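Before any comments, here is the structure.
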Amino acid sequence: MCWAAEAYCPDLEAMLQSVRKNGRAIRFASPELRSDRRLVLEAVRQTGHALEYASSVPRKGTCATTATSS
C-alpha cells in the first residue's frame, strides 16, 4: 500500500483495492489518479462523497450518476 501522510499514491491497482474497501480513500490518490474514471467510479460506488476528491474531469456522466444513486 501507499499510505504516507505527505505523499499521494501513484499506484492505480493499490488505489483500486483501497477504494473498493473505503471510497473515501481516493483522497490519498495522486492528482493524476483522481482523474482516472475507473478509480473514481469504484470510489463513488462505495460512497457518493468520494466525488468531492475527484478531479473535475470524471465528474460528468456515469460517475456523477452513480454518486447520486449511492
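The values are calculated or read from the model by the stated rules, or taken from the named source; none is laboratory data. All of these numbers come straight from a predicted model, not from anything done at the bench. In this analysis, Cβ positions are derived from the backbone assuming ideal geometry, glycine residues included, and neighbour counts consider all displayed protein chains. Ligands, DNA and RNA are stripped out before the accessible areas are found, and what is left, the full protein with its side chains, is counted by its heavy atoms. Shrake-Rupley method; radii C 1.70, N 1.55, O 1.52, S 1.80 Å.
Structure summary
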{"item": "In the range 19-59, the residues that are touching a Cys at 6+ places or on another chain (Cβ under 8 Å) and assigned to a helix (DSSP H, G or I)", "result": "28, 33, 37, 40, 41, 44, 51"}
{"item": "Residues that are in contact with a Gly (Cβ under 8 Å, 6 or more places away or on another chain) and open to solvent by 30 Å² or more (accessible area, probe 1.4 Å), drawn from the range 27-46", "result": "42, 45, 46"}
{"item": "Close pairs from the range 30-41: first under 9 Å from residue 54 (Cα atoms), partner aromatic (Phe, Trp, Tyr) and surrounded by fewer than 16 Cβ atoms within 10 Å (Cβ to Cβ), Cβ under 6 Å, at least 6 apart", "result": "none"}
{"item": "Lone unmet requirement of (1) under 11 Å from the mean Cα position of the chain (by Cα); (2) of a type in the set (S, T, N, Q); (3) at pLDDT below 95 for residue 17", "result": "(3)"}
